[in-house]
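**Q** Here it is, the structure in full.
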Amino acid sequence: MERERKITEAPGVGKKAAGDLLSLGVRTLSDMIRFRPRAYDDRREERRFRDASIEDASISCRITIMGHSEFSSKAGRTLKVTAMDDDGTRVEILCFNRYFLKQQLRLGSSWYIYGKAIKNRSVYQISSFEIKRTKEESGIGRILPIYPLTGSLTEKLMRNAQIYSLSALSPIEDELPLEMYERLSLMHHDMAYNAIHFPSTMEEAKAALATLAFTELLLMELEVLRRKPQRKETGESKLSLIEQKFLGKLPFTLTDDQVNASAEIRKDIDSPTPMNRLLQGDVGSGKTLVAWLTALHAIAKGKQVAFMAPTELLARQHADGAAALLSPFGVRIAFITGSVKGESRKLLLRSLREGTTDLVIGTHALFSEDVVFKNLGYVIIDEQHRFGVQQREALKKKGDRADILSMTATPIPRSLALTLFADYSVSVLRSMPKGRIPVKTYLVSEEKRDSMYESVGVEFKRLHQAYFVYPRIDDEGDSDLRDVTTMFEFLKEKYHGVPSALIHSKLPDDEKMAILRDFKAKKLMYLVATSVVEVGIDIPDATCMIIEHAERFGLAALHQLRGRVGRSTLPSYCFLVYSGNLTDEAKARLKVMKETNDGFKIAEKDLEIRGPGEITGDRQSGFLHLHFASLTSDLDLVEKARKEAERIVEDDRGLLKAENAVLREALARKVLQDK
């Protein structure tokens, strides 16, 4: 396929149109054929005016001009053309702002008309229409593509440019091995490109799109897998003595997913190739426990471990948890943030340099130049999406070929995660610890608010705890949203005598930590909070999560907040309180939250509602140039393409076999197109 023929070759594409096409990403003829229609206008069925049984019915038929007249309208003098279709039905064509048609629509001439008609009393009328001299020009009897337009561009120009481009580049080369077309029931590419633009049936358009989308995804997956460094395989990695002791002291058993993920990470740590692994898991699936267990494996091999969290509050909580779990086994733990200064900091830095600290937990302060390790071998990054690539690389460079484990509680369908995080291996925790009961979620309107408060009061009588979450800290500014400061006073009256605390981002971290410790010790029965409690808080006796103005939160935030309850064997509840008129998107989010607790299903629905967005982040550049495929709606094709790419790379990583030459050439062309 020729790739660099300019779009200005196409008839009707002058300087102005070429500039408008360039703004749509179309510079060459090959860009044009990859410019996907946004919809189709199905004109296959000829419909005469008598078929217009409903208002605004589509008409597509031949008419004969019978007469001209005029009438006054807001547009001024307006032409009315009387015509008759082949059934003998009388028609009035109202030509608003199109008086020039009088010269063209001569008496007795035949035309083909397409548009929306209405029946006004006994007369059929049409004012929004296309009228052409021949059936071919009108598109009647065919399916026509509808393209996104801008500036001077028209559908006629786009279709003509498309026809020219398809003809000029014919025959369009195949981009897949021959056997794959038959095995996967795909169209050959010359047929697919023609069918995506000018299909004979809607089924043909769908099949063409499936072929072109799969091809894009396969080439992308091949690029991802071939870019990924090959790891040197090691034998089975055994648990060290300290790991065995740690597991023996746990009051529960690990889930199968935790066991498998830990084994994958241990194997990577033992490999001579540095690890770069993403550990993703739903809220409460036990990612942090996997992190501590594998940290013990690295420590047993004489390596230092750094654990980085995005906020000081979260880092402090992890430090407390690590101290409780790991200190009894002789692990020397340190905590460092920007607030650690003076003599304490000097002593801490010296212990890191001399290797007398095994595990350091901190925030971005770990990037500081004065933080030097004796033998940093394992870096664990919590909530990895909150750190940039450069920050992660800066911490990695503090060790010699350090292994990296990035953790995220934002579930991503596995194939999509493997694609978006091209240079990562991926481990997934889907199962929950045994005994967990799914949280029951209720949608609460303003009218049901009192009933909700009563239900929460019952939980307090059972000595269970609760969170009340609001989107604002105070009532400053012009807004009718409830805020934590006002509602804290209200709730103190509502639950008189029940100990509580107010917590939000403006409080000092020491004060926030003190509140959370009191909450965990059950000195407090409920917290009135902003979304500061979204991650990292594990209170087993908390059974109620109340989220006010839930329609204002995204699905990921709602799921994270709900994940603060249901962390024990106690029945737990989430109340999503909404107010006012909900948008369709807000209704969809709340419906998803009510119907499922599965974070991976929620992630898929989130993709459908708002697209990849934050998930892809800075990874959208490079290989994610998609014209036909969608990472939102084509997850099944992503999976299919991933499996095919894995099979091909395992058999022929360099694509050197004769049958894979077409893929090698397609990838080379793709690199040029994406530049």
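**Q** How many residues does segment 292-311 hold that are surrounded by fewer than 23 Cβ atoms within 10 Å (Cβ to Cβ) and under 23 Å from Ala365 (Cα atoms)?
**A** Going through segment 292-311 one residue at a time, the tally reaches 4.
**Q** When you go through Ala57, Ala83, Ala52 one by one, which is the residue that is out of contact with any helix residue (DSSP H, G or I) (no Cβ under 9 Å at 6 or more places or on another chain), open to solvent by less than 60 Å² (accessible area, probe 1.4 Å), over 30 Å from Ser170 (Cβ atoms) and modelled with pLDDT under 90? Can you show your working first?
**A** Values: Ala57 fails: out of contact with any helix residue (DSSP H, G or I) (no Cβ under 9 Å at 6 or more places or on another chain); Ala83 fails: modelled with pLDDT under 90.
Result: Ala52 is the single residue among Ala57, Ala83, Ala52 that is out of contact with any helix residue (DSSP H, G or I) (no Cβ under 9 Å at 6 or more places or on another chain), open to solvent by less than 60 Å² (accessible area, probe 1.4 Å), over 30 Å from Ser170 (Cβ atoms) and modelled with pLDDT under 90.
**Q** Any residue that is open to solvent by less than 40 Å² (accessible area, probe 1.4 Å) and more than 20 Å from Gly67 (Cα to Cα) - is there at least one of those in segment 96-110?
**A** First, the residues of segment 96-110 that are open to solvent by less than 40 Å² (accessible area, probe 1.4 Å): 101, 105, 109.
Now drop any that are not more than 20 Å from Gly67 (Cα to Cα), which leaves none.
Scanning segment 96-110, I find no residue that is open to solvent by less than 40 Å² (accessible area, probe 1.4 Å) and more than 20 Å from Gly67 (Cα to Cα), so the answer is no.
**Q** Shifting gears a bit: Hey, can you tell me all the residues within segment 641-659 that are under 22 Å from Ala629 (Cα atoms) and either open to solvent by less than 70 Å² (accessible area, probe 1.4 Å) or in contact (Cβ under 8 Å) with a residue 60 or more places away in the chain (or both)?
**A** Taking segment 641-659 as the starting set, the residues that turn out to be under 22 Å from Ala629 (Cα atoms) are 641-649.
Ala641, Arg642, Glu644, Ala645, Glu646, Ile648, Val649, listed by residue number.
**Q** Can you name the condition, by its number, that Lys116 falls short on among (1) out of contact with any helix residue (DSSP H, G or I) (no Cβ under 7 Å at 6 or more places or on another chain); (2) within 24 Å of Asp31 (Cα to Cα)?
**A** Result: Lys116 passes all but (2).
**Q** Still on this structure, please answer the following. Looking at (1) among the acidic types (Asp, Glu); (2) within 30 Å of Ser271 (Cα to Cα); (3) surrounded by fewer than 16 Cβ atoms within 10 Å (Cβ to Cβ), which is the one condition that is false for Glu173?
**A** (2)
**Q** How about segment 286-336: which of its residues are in a helix (DSSP H, G or I) and of a type in the set (D, E, K, R)?
**A** Of everything in segment 286-336, those that are in a helix (DSSP H, G or I) and of a type in the set (D, E, K, R) turn out to be Lys287, Glu312, Arg316, Asp320.
**Q** For segment 119-231, which helices (runs of 4 or more DSSP H) that fit wholly inside it have 3 or more residues that are under 21 Å from Leu626 (Cα atoms)? Show your work before the answer.
**A** Numbers: elements: 135-138, 155-168, 178-183, 189-197, 202-227.
Hits in segment 119-231: 155-168, 189-197, 202-227.
**Q** In segment 418-440, how many are within 14 Å of Gly566 (Cα to Cα), crowded, with 20+ Cβ neighbours inside 10 Å and modelled with pLDDT of 85 or more?
**A** Result for segment 418-440: 1.
**Q** Are there any pairs with C-beta distances below 9 angstrom linking a residue in segment 349-376 that is without any contact (Cβ under 8 Å) to a residue 12 or more places away in the chain and farther than 18 Å from Ile299 by Cα to a residue that is assigned to a loop (DSSP other than H, G, I, E, B) and of a type in the set (Ser, Thr, Tyr), with the two at least 6 apart or on different chains, and if so which?
**A** As it stands, the answer is Arg350/Thr356, since those pairs meet every condition given.
**Q** Of the residues that sit in segment 116-168 and are open to solvent by less than 10 Å² (accessible area, probe 1.4 Å) and of a type in the set (Gly, Ala, Ser), which one is farthest from Asp41 (Cα to Cα)?
**A** Ser165
The values are calculated or read from the model by the stated rules, or taken from the named source; none is laboratory data. Not measured: the values here are computed from a predicted model. Don't worry about glycine lacking a Cβ; one is built from the backbone with ideal geometry, like all the others, and counts go over all protein chains shown. Note: areas computed on protein heavy atoms with side chains; ligands, DNA, RNA excluded. Shrake-Rupley method; radii C 1.70, N 1.55, O 1.52, S 1.80 Å.
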